[in-house]
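See below for the structure under consideration.
The values are calculated or read from the model by the stated rules, or taken from the named source; none is laboratory data. The structure presented is a predicted model; accordingly, all values stated were derived computationally and were not measured. Every residue, glycine as well, gets a Cβ built from its backbone with ideal geometry; the counts of neighbours run over all protein chains shown. SASA here: full protein model, heavy atoms, side chains in, ligands and nucleic acids out. Shrake-Rupley method; radii C 1.70, N 1.55, O 1.52, S 1.80 Å.
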Amino acid sequence: MKPPPFAYHSATSIPEAIQLLSKLENAKLLAGGQSLMAMLNLRYLHPENLVDINRIPELSGITIDQGRLRIGAMTRQQAIKASAEVKAAAPIFAETLAYVGHRQTRNRGTIGGSLCHLDPAAELPALALLHDAMVTVAGPRGERKIEMAAFIVDYMTTAVQADELVTLIEFPLWRAGHGYGFAEFARRHGDFAIAAVACLMESDSEGRMTRVAISVAGVAATAIRLTAAEAALIGKVAGPEAFAAAAACCADIAAVGDVHGSAEYRKKVAAVMLRRALTDAQSRMAKNG
Amino acid sequence: MTVGASVTRIEDPPLVTGAARFVADLNFARQLHMRVVRAQQAHGKIVSIDAAEALALPGVVAVWTAADISELPPIDFREGPIPELAVFRQPVLAKERVRYVGEPVAVVFADSDYVAEDAADLILVEIDELPVLLDAAAAPAAFPGAASSEATVITQGYGDVDAVFATAPHIVALDLSVGRHTGVPLETRGAIGVYDAARDVLQLHGAAKVPHKNREALARLFGRSLQAMHLFEYHVGGGFGVRGEIYPEDILVCLAAMRLGRPVKWIEDRREHLMATNHSRQQRHQIRAAVDGEGRILAMDDNFFHDQGAYLRTHGVRVPHMTAGILPGPYRIPAYRATARVRLTNKTPCATYRGPGRYESTFVRERLIDAVAMQLGLDPVEVRRRNMITSAEMPYDRPLQALGEEISYDSGDYAGLMDKVLAKAGWPAMKAETARRRAAGEMVGVGIAMFVEKAGLGPTDGVKIAVEPGGHVEVITGGASVGQGFETVIAQICAGALGVDYQKVRVVHGQTNRIEHGIGAHASRATVMTGSATHVGALKVRAKALAAAAKLLQKTPDELDIVAGVIVQRGNPAGPSISLGDIAKRLGPGSKLLEPGQNPGLAEEGWFNVDHQVYPYGMHIAQVRVDGATGGVHIERYVAAFDIGRAVNPMLVEGQIVGSFTQGLGGALLEEFRYSETGEPLAVTFADYLLPSLHDVPQVEVQLYEDAPSPRNPLGIKGGGESGITGVGAALAAAVDDALQRPGAITELPITPQRLKDILNAAT
């Protein structure tokens, strides 16, 4: 469990990082290192070059402005979880981040790293997808913005090119008093989810749902939006009946099984998590609004 | 009184201040690093191994394959040759074929561990794949040099089982499986071979568990005298039965140290550990009980498949043999037969893991007792009571064997313990409360398991005890410390018998150059055997000191006592006295105080011999809540009760129980080595081999009893390294059954969420 040989480079600015990525062969960015270092030690990866972006201050930070939550790519997961501002504007973040690894790994792990690694069971890509987040990517051809749905290409594959780096993730915020819920089942606390469901909800004065977003992690090859379930809920009165109908949509997920749970089992657990997340969202919406 | 006190551990200061030395912390000048190239196929013929590119890498000193070590025989059984099983032993490096993923096929020696691993990656091993066998209950396959992959069939039993079954009023039958898991110490294995050419002494650093046995085995293997082969134990970060056996790597570092003329260091990584270190447990039992109308067992018949993995290792067939011998547990079984089919598969070889044979057999036996209760509509507690061996029947001999000796329970009151534990835990209230909650819609339940442990394997152990002129005491043992508190316990026993502060006692273990004999640390024997030898030796030192002091103080030895290292007059503590250190000084060579023929020095050897092991016993109670939606199991309450005969240090016993409970919980709910259809191991990191974390472990309520001291040793000690693990699978299975209100639902460990969800789905 010693990593294969690689050359180490440290960038202190975004342009320098881009320059290094453009010039170096088979380079990999080193963000928080919580997945990358383990993969190197197991020799699952053999990059020739590592570009460390931990010393680029402008990549970190959280701002809320004009209904958008902006989080720098190198912001540590624990910093997001601990942010009072984020908690007030988008309480689902703190709730979800409690399931991201352990406090020790969150202290190093970054939001950009999690998005780029794109583990199918990771919570942060699901949260970004849930919010229709916009990912800013910088490269030698300048900056471009990618919608989260397009950022996710396939199993552990993003739309980021080899000479680009993610700099910023922008989350459009839901209106104050929205309902939110996050439910996850894993073999142990901090493990990769068997199934995790995040949802956001708004309703009219009669309790009819007017806006719903649902994303699922751990079941398919990537985090997914459950658009069929969202559509099934719009216009319905929030409650067990509507939620059961939405949960039935989990049967159609293109699920992938592994040693901890078969595809069928994961879909069943996802349906349960969906009901729990929706129920939480409903109760919080009522309380808040 | 020192024995029986929960004093703090004398071995802790270096461990908690970072001054401890584990084998990986140890370095020798000019050392080489060894890296093992392991098979990536579960079964196949070796076509070629190309090391040219690896050898060309700067820093690489040598690459060996089986051809380079052809003089080495396969790794022998620890307790001596078993000719009919010899063909199933593991070669040090795979010769013509590989039989499991992880099997060593080549080794690299290099200047650094990084270069060694880089070079290992460059070695091309071409394998012609063969069909794999992964299920021990399936038909055996061919095995070169043997009739088949069924290595042997072991039968233990007594009475006319078939006749009893032919006429029995009731027959209860189950098909039960225990998954494949193992001990996972925090510290992985490690070994450093050093050859001292100036003195012609071969050294193996990083020994654990059984240094003296391994010294004998290695001396035999390399044709060396015992005095030219020494093993050295350092701090050991957990053993659990798997660490400290002789594996291919131990032999390779020794041979390489001699051949390459440089110290050779090998430290196992975690991935290797999970595929190369012994696995354990995996068995499938087809068991039946013949029962009368009142739930009394008339006969028991068990046919089980023991998944041995690819080879027989140092333990031979010890685990299946012991499983067959220990299965009846605390119950009177008038006729009994166990048939163990020991079968090789294309998986990591298996051997002992904490509670070997008992974790498996307790799950099977207690599941069977619960099934008897269910089938006859009786209370599981009552069925147990009706079948239990009574205290009046002690000692209770059984014509079965475990670890090579006849089983003879030494003492115990099984029903008495059950009643006490149920009362203290509040069993009727637990039953009533869970029933009330179930009626309200929750899935909660309780379950129990009874078991008899075995400990203190003999036949003999000896120690050397010496008091220095400064009053310090040294106890030299051939024991071993895997972190269990060995030094403290031995110091307490010595201090108690001798009359000194236990902190003045230095305990030596795991150093073959300090003492010729040693039993190490396994089979819960250290406190029973080494402790008893220490007691015997310390009393001899005490007698010698008192005899000498009596002359100096003009008293008889009976009139004297030793208090805190000072010999004082009984009833006159302020009177003339003399310290033990002074006596040691005055008994030096040439002293006139010495009796004719008496050796100088205040030093003695203590030896302790036994014919039989000791048999502690216990009971577990579990209360669980099942999440019907996910199949998850949450342990709400856990009681681990144990009669240890006599606890030298109750705090350490409690630690042993809680620690081993945690491992039992892992095997019952989380841990499992699974394989793909092609024999690829699916759990080779901690992301897939799930150990219990702090989140998953409930507060264990330990009930420790000393009602049945052993008559087989002077202190009445029984041994407690394994009791916490033994009943966990059985108790949790019973509690989950109860939560589901489906007796007999759990037939397989571990109870994973998916398996439990499948059971729940099948029910609806």
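A few comments on the model shown:
- Residue in region B:188-198 that is more than 14 Å from chain A (Cβ to nearest Cβ), within 27 Å of B:VAL364 (Cβ to Cβ) and under 30 Å from the mean Cα position of the chain (by Cα) present: no
- Elements of the type helices (runs of 4 or more DSSP H) sitting completely within region B:376-488 and holding at least 3 residues that are without any contact (Cβ under 8 Å) to a residue 24 or more places away in the chain and small (Gly, Ala, Ser): these cover B:427-439.
- Those strands (runs of 3 or more DSSP E) of region B:206-315 in which at least 1 residues are within 30 Å of B:GLU382 (Cβ to Cβ) and free of Cβ contacts under 8 Å to residues at least 40 places away in the same chain, considering only elements entirely within it, cover B:297-309.
- Checklist (1) open to solvent by less than 50 Å² (accessible area, probe 1.4 Å); (2) on the phi < 0 side of the Ramachandran plot applied to B:GLY80, failing item: (2)
- Filtered residue count, region A:176-197, keeping only those that are modelled with pLDDT of 95 or more, open to solvent by 20 Å² or more (accessible area, probe 1.4 Å) and away from chain B (no Cβ under 12 Å): 1
- Of all residues assigned to region B:319-327, at least one qualifies as being of a type in the set (Ser, Thr, Tyr) and under 24 Å from B:TYR409 (Cβ atoms).
- Selection status of A:GLY112, away from chain B (no Cβ under 14 Å), buried (at least 17 other Cβ atoms within 10 Å of the Cβ) and not in a helix (DSSP H, G or I): no
- Restricting region A:8-59 to residues that are in a strand (DSSP E or B) and surrounded by fewer than 16 Cβ atoms within 10 Å (Cβ to Cβ), the residue that is farthest from the other protein chains (Cβ to nearest Cβ): A:SER10
- Taking region A:141-155 as the range and being exposed (fewer than 15 other Cβ atoms within 10 Å of the Cβ) and either over 19 Å from A:ARG211 (Cβ atoms) or within 14 Å of chain B (Cβ to nearest Cβ) (or both) as the test, the residues that pass are A:ARG141, A:GLY142, A:GLU143, A:ARG144, A:LYS145, A:ALA150, A:VAL153, A:ASP154, A:TYR155.
- Residues being open to solvent by less than 50 Å² (accessible area, probe 1.4 Å), among the acidic types (Asp, Glu) and more than 25 Å from the chain's Cα centre (by Cα) - total across region B:2-50: 0
- Filter result for A:PRO5 (in a loop (DSSP other than H, G, I, E, B) and surrounded by fewer than 18 Cβ atoms within 10 Å (Cβ to Cβ)): yes
- The listed residues are B:ALA687, B:ALA683, and the only one of them that is within 14 Å of chain A (Cβ to nearest Cβ), without any contact (Cβ under 8 Å) to a residue 24 or more places away in the chain and assigned to a loop (DSSP other than H, G, I, E, B) turns out to be B:ALA687.
- The lone exception for B:VAL541 - which of (1) at pLDDT 95 or above; (2) open to solvent by 30 Å² or more (accessible area, probe 1.4 Å); (3) under 30 Å from B:ALA708 (Cα atoms) it fails: (2)
- Only one of B:VAL172, B:VAL164, B:VAL153, B:VAL201 that is outside the structural domain of B:ASP292 (by TED's automatic domain parsing), open to solvent by less than 10 Å² (accessible area, probe 1.4 Å) and of a type in the set (A, V, I, L, M, F, W, C): B:VAL172
- Answer from A:LEU200, A:LEU233, A:LEU173, A:LEU226 - the residue that is away from every other protein chain (no Cβ under 13 Å), touching a Ser or Thr at 6+ places or on another chain (Cβ under 8 Å) and more than 25 Å from B:VAL633 (Cβ to Cβ): A:LEU226
- Among the residues of region B:707-719, those that are touching a Lys or Arg at 6+ places or on another chain (Cβ under 6 Å) and closer than 17 Å to B:PRO395 by Cα comprise B:PRO709, B:SER710, B:GLY716, B:ILE717.
- Wholly within region B:563-673, strands (runs of 3 or more DSSP E) carrying at least 1 residues that are under 30 Å from B:GLN703 (Cα atoms) and open to solvent by 10 Å² or more (accessible area, probe 1.4 Å): B:602-609, B:617-627, B:632-643
- Among residues of region B:667-679 that are at the interface with another protein chain (Cβ under 9 Å from one of its Cβ atoms), those with a beta-carbon under 9 Å from a residue that is in a loop (DSSP other than H, G, I, E, B) and among the aromatic types (Phe, Trp, Tyr) at least six positions away or on a different chain give the pairs B:LEU670/B:TYR689; B:GLU672/B:TYR689.
- Among residues of region B:716-764, those that are within 14 Å of chain A (Cβ to nearest Cβ) and not in a loop (DSSP other than H, G, I, E, B), counted: 10
- Taken residue by residue, region B:265-276 has no member that is open to solvent by 10 Å² or more (accessible area, probe 1.4 Å) and away from chain A (no Cβ under 14 Å).
- Only one of B:MET374, B:MET394 that is open to solvent by less than 60 Å² (accessible area, probe 1.4 Å) and closer than 26 Å to B:ALA335 by Cβ: B:MET394
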